[in-house]
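Comments concern the structure below.
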Amino acid sequence: MNGWLHGGLTYNDFLLLPGKIDFSAADVITETRITRNVVLKTPFMSSPMDTVTETEMAISLALLGGIGVIHHNQPAENQAAMVRAVKRHENGFITHPVVLSPTHTVADVLYIKARLGFCGIPITGKNA
């Protein structure tokens, strides 16, 4: 069936019975094109609904090879903060940590919390 002619196909469009298919699992292509330049090898994508996709869901899906679409039922600043939080999360490791020096103030921490959504910030003597 041609997806371009008949619309997209979902898993519900197919019924595969054990022993009744003539191809191996290795022959199955599960990639999904979500934009002209973005192809997901694992087709996990969440809905852009405020009850579905916020930072935690987008991070979880990204760790599984999928993508979470941040919802728009909020101010643009909140959307941007969620996107920044997702982009900063990389397999549970913070690759570019935000650190402060002993000369910074609580106001600096509150600013980072408002902008990035977290306030557990290491205080270091170097590279702050």
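One table, with the values for the structure above:
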item	result
Helices (runs of 4 or more DSSP H) enclosed by the range 22-117 - at least 2 residues per element that are within 30 Å of Thr10 (Cα to Cα) and not small (Gly, Ala, Ser)	55-63, 76-88
First in the range 71-82 and touching a residue at least 12 places away in the same chain (Cβ under 8 Å), second anywhere and open to solvent by less than 50 Å² (accessible area, probe 1.4 Å) and among the hydroxyl-bearing types (Ser, Thr, Tyr), Cβ under 7 Å, 6 or more apart	His71/Thr53; Met82/Thr55
Residue within the range 89-104 that is at pLDDT 80 or above, within 30 Å of Gly125 (Cβ to Cβ) and surrounded by fewer than 10 Cβ atoms within 10 Å (Cβ to Cβ) present	yes
Flag for Leu15 being at pLDDT below 75 and either open to solvent by 100 Å² or more (accessible area, probe 1.4 Å) or closer than 21 Å to Lys87 by Cα (or both)	yes
In the range 26-67, the residues that are without any contact (Cβ under 8 Å) to a residue 60 or more places away in the chain, β-branched (Val, Ile, Thr) and open to solvent by less than 80 Å² (accessible area, probe 1.4 Å)	Val28, Thr30, Thr32, Ile34, Thr35, Val38, Val39, Thr42, Val52, Thr53, Ile59, Ile67
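The values are calculated or read from the model by the stated rules, or taken from the named source; none is laboratory data. Values in this document were obtained by computation on a predicted structure and should not be read as measured data. FYI the Cβ positions are ideal-geometry reconstructions off the backbone, even for glycines, and counts take in every protein chain you see. Heads up: the accessible areas ignore ligands, DNA and RNA and are worked out on the full protein's heavy atoms, side chains in. Shrake-Rupley method; radii C 1.70, N 1.55, O 1.52, S 1.80 Å.
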